[in-house]
């Protein structure tokens with residue numbers, strides 16, 4: 001990729017002079033701009049484009065794969081959040097049911113004590 005000609009939407013034409021895992025350095029034709037570092041490959045999604053169509057097509061494929069992976073990750077996160085929410089609703093329903101059952105038992109016990117007391121009084 002070093003030596004590849006690129007066009008930046010603001011800075012114009014430049015040449016890639018260095019590349020690391022997640023960054024590239026571009027030297028722009030306008031001397032006043034000098035060299036600038038960019039996040040790779042993210043910068044190609046909006047700001048940079050290769051002059052060479054073949055390189056740009058490969059970059060477009062790479063960016064599409066990245067988008068698809070992000071979408072898959074988001075879908076999994078949504079699924080996990082929905083599952084957690086469902087589990088929380090079920091737990092809440094169980095807690096309410098348990099509370100209602102305990103209340104019913106307490107009412108029955110109270111009624112039984114009252115009935116027992118009334119029997120003793122007769």
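Readers should treat all values here as calculations from the given coordinates under stated rules, not as data from a laboratory. For clarity, every value in this text was computed on a predicted model and none was experimentally measured. Glycine also receives a Cβ, built like all others from the backbone with ideal geometry; neighbour counts cover every protein chain displayed.
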Among 76, 13, what is the fewest-to-most ranking by other Cβ atoms within 10 Å? 76, 13
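How long is the gain from residue 111 to residue 33 if the chain were fully straight, where each residue apart is worth 0.36 nm and the alpha carbon distance is subtracted?
On the way: separation 78, 0.36 × 78 = 28.08 nm, distance 8.79 nm.
Gain in length upon complete extension: 19.3 nm.
Determine the calculated [θ] at 222 nm for the chain from helices alone, applying -39500 (n - 2.57) to every DSSP H run no shorter than 4 residues and normalising by the residue count; nearest 500 deg cm²/dmol.
Working: 2 runs with 73 residues, N = 122.
The helix-only estimate for the chain comes to -22000 deg cm²/dmol at 222 nm.
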Measuring from the longest principal axis of the C-alpha atoms of the chain, the long axis of helix 53-121 (C-alpha) lies at a number of degrees, nearest 10, equal to 10
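Please arrange 10, 62 by counting, for each residue, the other beta carbons lying within 10 Å of its beta carbon, fewest first. Could the numbers behind the result be given before it?
Working: 10 7, 62 12.
Sorted ascending by nearby Cβ count, the order is 10, 62.
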Contour excess over end-to-end distance, with Cα ends at residue 104 and residue 120 and 0.36 nm allotted per residue: 3.3 nm
For the chain, set up a GNM with springs between Cα atoms under 10 Å and report which of 46, 107, 78 has the largest fluctuation. 107
How far apart, in nm, are the 7 Å Cα→Cβ label points at residue 89 and residue 66? 3.7
Could you tell me which label, among (i) 1.18; (ii) 1.67; (iii) 1.26, carries the value of Rg/Rh (Cα atoms, Kirkwood Rh) calculated for this structure? (ii)
